[in-house]
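Structure first, then comments.
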């Protein structure tokens, strides 16, 4: 897993945890709305306790305070704050006051949303304080109401305590799930880091192997060819022998440079891209004596990405190698075009004699590798003969 993927996994776990927390808040809000609706409806249907107009006014004030405090507690944005504690206490006390003022005691249900929210968002000691205040206030209210036996009051207190403990257990379970999810996300990130470290170690090992074997072998080949070239010049050998040795010497030097470049890529150096097409053309022209021109058209250069840049470079390199091996070209053109629909690369050789050393069917292993590189980018690569040569064309969509 890449760093980006591991980070995304951790973020997604946090988002899911927040989503479940929001769902819990939504459930409490639904419970609070239901309790408020029940208390308000039953308050209009019930008669106040003996006391006349004063008690009716007290019920109205109690309803307003209860509804306002309960709604405020459900929508406070800073859980665990002192303001929320105060609002929750006001909600349970106002609900208890309604129990004492009303004849039916229906406001008892209004205590539960506040107790539940306190258990979910406040520290345990403060949430226990809210539950204790609720039980005490409700007990006093039932005694003032005078319509509930002592056993009923005790059962109501046990009900408040049970609801509080159940909500507290739900909070512990939610926190445990969140910690487990965070640990899983950290574990995924750790595994991804280990995989990256293993991949980097393997790349470093391959780089050392290439340096110790391939680069050293090519360096020895370059030195031997240089010595052979000097001996051929001193021994007045056939000029064609010297030219062949010169070409082999240049190819060996180019191979050595490519090997060093590949080692650099394994070690994390910058990858070559389209900006180095001119260097490839110059190396080809020096090595073959065939003119090779590069033309770049289009409004502005497009970001091709790491793999895209390397693909354009490797396709050009492979196409020039094929021309060197299989064609007797008079000239070569490399055309790179940044178009609205994408980026197009064309490598075309022009052979006035139309004499290639291998069939121009476009099915070689080098062309197969180029097509695979193009497909990985969502592009296409076509290759085939033209009226006077051979054309390799790479198209990558924008």
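Relative to the current alpha-carbon distance between residue 326 and residue 341, full extension at 0.36 nm per residue lengthens the span by 2.2 nm. Treating r as the C-beta distance of residue 286 and residue 195 and R0 as 45 Å, the FRET efficiency rounds to 0.55. Applying 0.36 nm per residue to the separation of residue 368 and residue 140 and subtracting their alpha-carbon distance, the gain on full extension is 73.3 nm.
Full extension of the chain between residue 203 and residue 34 yields a length gain of 54.5 nm, computed as 0.36 nm times the residue separation minus the alpha carbon distance.
For the pair residue 306 and residue 176, label points projected 7 Å from Cα toward Cβ lie 4.2 nm apart. If you plug the beta carbon distance of residue 380 and residue 187 into 1/(1 + (r/R0)^6) with R0 = 35 Å, you get a FRET efficiency near 0.25. With a simple spin-label model that places each label point 7 Å from the Cα along the Cα-to-Cβ direction, the separation between residue 161 and residue 293 comes to 9.7 nm. How high is the relative contact order of segment 271-397, in percent, with contacts defined as C-alpha pairs under 8 Å that are six or more residues apart? Normalised by residue count, the contact order of segment 271-397 is 24 percent.
Could you tell me the calculated FRET efficiency between residue 278 and residue 83, based on Cβ-Cβ distance and R0 = 56 angstrom, to the nearest 0.05? So the FRET efficiency works out to roughly 0.20. Scoring 336-343, 120-127, 190-197 by mean Cβ neighbours within 10 Å over their residues and listing the highest first yields 120-127, 336-343, 190-197.
Read-outs: derived from the displayed coordinates by stated rules, not from any lab. What you are looking at is a predicted structure, and each value in this text was computed from that prediction instead of being measured. Backbone-built Cβ (ideal geometry, glycine too); neighbour counts: all protein chains shown.
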